[in-house]
1. Mind checking which residues of the stretch 161-195 are within 21 Å of T137 (Cβ to Cβ), among the β-branched types (V, I, T) and crowded, with 16+ Cβ neighbours inside 10 Å?
2. Need the failing condition index for Y59 against (1) surrounded by 16 or more Cβ atoms within 10 Å (Cβ to Cβ); (2) within 11 Å of the chain's Cα centre (by Cα); (3) not β-branched (V, I, T), just the number.
3. When both residues are 6+ apart or on different chains and their Cβ atoms are under 8 Å apart, which pairs have a first residue that lies in the stretch 179-198 and is over 23 Å from Q147 (Cβ atoms), and a second that is of a type in the set (D, E) and surrounded by fewer than 23 Cβ atoms within 10 Å (Cβ to Cβ)?
4. Looking at (1) at pLDDT below 95; (2) of a type in the set (G, A, S); (3) under 26 Å from K180 (Cβ atoms), which one does S62 not meet, given that it meets all the others?
5. Does D158 qualify as being under 16 Å from the mean Cα position of the chain (by Cα), over 16 Å from I205 (Cα atoms), acidic (D, E) and crowded, with 17+ Cβ neighbours inside 10 Å?
6. Under 7 Å by Cβ, and 6 or more places apart or on different chains, what pairs join a residue from the stretch 44-57 that is in a helix (DSSP H, G or I) with one that is small (G, A, S) and modelled with pLDDT of 85 or more?
7. Those residues that are surrounded by fewer than 18 Cβ atoms within 10 Å (Cβ to Cβ), polar (S, T, N, Q) and not in a loop (DSSP other than H, G, I, E, B), I need them from the stretch 80-106; list them, please.
Amino acid sequence: MAILKDGVNGGFTGKVGSVVGYQLNGKWVIRSLPKPSKKNQKGSAGQHKCRGKFASMQYFLSHVLNFVRVGFNIDSKAKGMSAHNAAKSYNMLHGFNGDGKIDYSQIRLAQGKLLPPENHSVVFNELGLLFTWDKQTDAGYLLASDQVMLLAFDDKNDFSICITSGNRRSIGEQLLSIPKARQAEAYHTWIAFVSEDRTMVSNSIYAAFGAADPVIQKFSKSL
């Protein structure tokens, strides 16, 4: 829409059809809109790769949004954006391999300054995934009430399940129940802690887990 200045005989500002009107150095100017090039319409190889990464990250985060809303809640408020956008911003920079595929080992689903879990392990039992971790009793009683956050994601079937208010840090273990029909699958898993009053959260820690592998897997790397 354009706006007429000084009636029909004056200049106008805005867009009318394929032209744009505006004032330049006290004079009214009309110019045509640029035509999009065929190259930009089709997109370069780099543009297609970037669009593909964006779409795949958007799709993945849509399956773990409940976890992200807690895990990136504090970080997002500090940046003035949504938790989803804060998580997407971080993982678009860090969550892909050289081929442009999601590298789940580099994905972060919680971000903060709270003490992260240490020496955690994951093993399947008859009910689901059993997580254990160091109780970190030397960290002080104030952290003992932190609650564990757990997420398991099956990227082959786009299935996820999570807990955002689990057992206390001082308990040292938490079961993430997995439906019987889903227990034959392999999972990407993440663990983090959130303070009882929800004012602090830790960085998440990643671990891959194969249901067919009976060996307990231990991890201590904080992403």
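The values are calculated or read from the model by the stated rules, or taken from the named source; none is laboratory data. Just so you know, these numbers come straight off a predicted model, no measurement behind them. Neighbour counts are summed over all protein chains in view; Cβ atoms, including those assigned to glycine, are modelled from backbone coordinates with ideal geometry.
1. To start, the set of residues in the stretch 161-195 that are within 21 Å of T137 (Cβ to Cβ) comprises 166-174, 191-195.
Filter once more, so that each one left must be among the β-branched types (V, I, T): 171, 191, 194.
I191, V194, listed by residue number.
2. Going through (1) surrounded by 16 or more Cβ atoms within 10 Å (Cβ to Cβ); (2) within 11 Å of the chain's Cα centre (by Cα); (3) not β-branched (V, I, T) one by one, Y59 breaks only (1).
3. Partner pairs satisfying both residue conditions: R182/D154; E185/D154; A186/D154.
4. For S62, the exception is condition (1).
5. Numbers: under 16 Å from the mean Cα position of the chain (by Cα): yes; over 16 Å from I205 (Cα atoms): yes; acidic (D, E): yes; crowded, with 17+ Cβ neighbours inside 10 Å: no.
Considered against the rule, which asks whether it is under 16 Å from the mean Cα position of the chain (by Cα), over 16 Å from I205 (Cα atoms), acidic (D, E) and crowded, with 17+ Cβ neighbours inside 10 Å, D158 comes out as no.
6. Here the result reads K49/G100; G52/G100; K53/G100; M57/G95, each pair linking the stretch 44-57 to a residue that is small (G, A, S) and modelled with pLDDT of 85 or more.
7. Matches in the stretch 80-106: N85, S89, S105, Q106.
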